[in-house]
Amino acid sequence: MIDEGPKPVELLATAIGQVQAVMSGVTPAQLDNATPCAQWDVCALMNHMLGGLETTAGCMAGSPPDRNPMEADSSLTGQRDISALTDAYRKEAERLLRLAREPDALDRVVPSPFGEMPAARFVVGTVLDQTIHCWDLAKATGQDIALPAELVEYAMPVLMGGFAEGGRAMGVVGPEVAVPEGASAQDKLLGYMGRQP
């Protein structure tokens, strides 16, 4: 069950704030660092995260960009200026949150690269994607990898409700990684999403 009330938008704002904090700590020397997403380095991961916001905002506005949101693709693909990437992320975050906070925004059915779908589902997917990739980016750049507890608490049951298995079926989420008994909620989440905490 997806909560279609205001909570996803509040959580999206929390996830975006955490991403912005981590992005601000990335240095030019780290752009080629490997990340937990084996196919992407730090620069590619930042492009994927920006592209995710651009796609979701485009869907909410009724005109999704013509790109695959599963790829490391954004309007700045190829850009290696961190300030340009982080500034674009900030501006797109502001646009997305403004659209998502419009009256009845989450009640709409919107066009997307996957066909028409409820806006609420697309926003929830963006919360999950930004949350997990925030950890990936922090891990790859040696930053604090603690995620906000409210994001972890929200993400796990939603992911177990079909989001993660759908991602595995598409080949974009790796096999679940076993974590020790008594592992933290965050480590359980990361293991479920194919990460080694």
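The values are calculated or read from the model by the stated rules, or taken from the named source; none is laboratory data. Not measured: the values here are computed from a predicted model. Here the Cβ positions follow ideal geometry from the backbone for every residue, glycine too, while neighbour counts run over all protein chains shown.
Answer yes or no: is there a residue in region 65-78 that is touching a His at 6+ places or on another chain (Cβ under 7 Å) and modelled with pLDDT of 95 or more. Within region 65-78 (the criterion being touching a His at 6+ places or on another chain (Cβ under 7 Å) and modelled with pLDDT of 95 or more), the answer is no, since none of the residues qualifies. All told, residue 125 meets the bar of being buried (at least 22 other Cβ atoms within 10 Å of the Cβ), part of a helix (DSSP H, G or I) and either of a type in the set (A, V, I, L, M, F, W, C) or at pLDDT below 95 (or both).
Quick one: how many residues across region 98-121 are part of a helix (DSSP H, G or I) and either surrounded by fewer than 16 Cβ atoms within 10 Å (Cβ to Cβ) or touching a His at 6+ places or on another chain (Cβ under 7 Å) (or both)?
Going residue by residue through region 98-121, those that are part of a helix (DSSP H, G or I) are 98-100, 105-107, 119-121.
Then drop every residue that is not either surrounded by fewer than 16 Cβ atoms within 10 Å (Cβ to Cβ) or touching a His at 6+ places or on another chain (Cβ under 7 Å) (or both), which leaves 98, 107.
Final tally of qualifying residues: 2.
Could you pull out the residue among 17, 25 that is over 21 Å from residue 108 (Cβ atoms), out of contact with any Phe, Trp or Tyr (no Cβ under 9 Å at 6 or more places or on another chain) and part of a loop (DSSP other than H, G, I, E, B)?
On the way: 17 fails: part of a loop (DSSP other than H, G, I, E, B).
Exactly one residue qualifies, and that residue is 25.
When residue 71 is tested against (1) among the charged types (D, E, K, R); (2) assigned to a helix (DSSP H, G or I); (3) out of contact with any helix residue (DSSP H, G or I) (no Cβ under 6 Å at 6 or more places or on another chain); (4) under 23 Å from residue 20 (Cβ atoms), just one condition goes unmet, and that condition is (2). Which ones in region 15-37 are without any contact (Cβ under 8 Å) to a residue 60 or more places away in the chain and within 16 Å of the chain's Cα centre (by Cα)? Matches in region 15-37: 17, 21.
The criterion of at least 3 residues that are without any contact (Cβ under 8 Å) to a residue 24 or more places away in the chain and in contact with a Ser or Thr (Cβ under 7 Å, 6 or more places away or on another chain) is met by none of the helices (runs of 4 or more DSSP H) wholly inside region 148-197. I'm trying to understand the selection: among the residues of region 35-55, which are buried (at least 16 other Cβ atoms within 10 Å of the Cβ) and part of a loop (DSSP other than H, G, I, E, B)? Correct list: 35, 36, 37, 40. So which residues in region 79-92 are at pLDDT 95 or above and not acidic (Asp, Glu)? Within region 79-92, 82, 83, 84, 85, 86, 88, 89, 90, 91 qualify. Quick one: would you say residue 197 is surrounded by fewer than 19 Cβ atoms within 10 Å (Cβ to Cβ) and in contact with a strand residue (DSSP E or B) (Cβ under 8 Å, 6 or more places away or on another chain)? Here the answer is no, as residue 197 does not meet what is asked. Among the residues making up region 176-197, none is farther than 19 Å from residue 143 by Cα and among the polar types (S, T, N, Q).
Taking region 56-76, which residues are over 15 Å from the mean Cα position of the chain (by Cα) and either farther than 22 Å from residue 42 by Cβ or crowded, with 22+ Cβ neighbours inside 10 Å (or both)? Answer for region 56-76, where residues must be over 15 Å from the mean Cα position of the chain (by Cα) and either farther than 22 Å from residue 42 by Cβ or crowded, with 22+ Cβ neighbours inside 10 Å (or both): 58, 59, 60, 61, 62, 63, 64, 65, 66. Taking the conditions (1) surrounded by 15 or more Cβ atoms within 10 Å (Cβ to Cβ); (2) under 17 Å from the mean Cα position of the chain (by Cα); (3) more than 14 Å from residue 136 (Cα to Cα) in turn, residue 79 satisfies each one other than (2).
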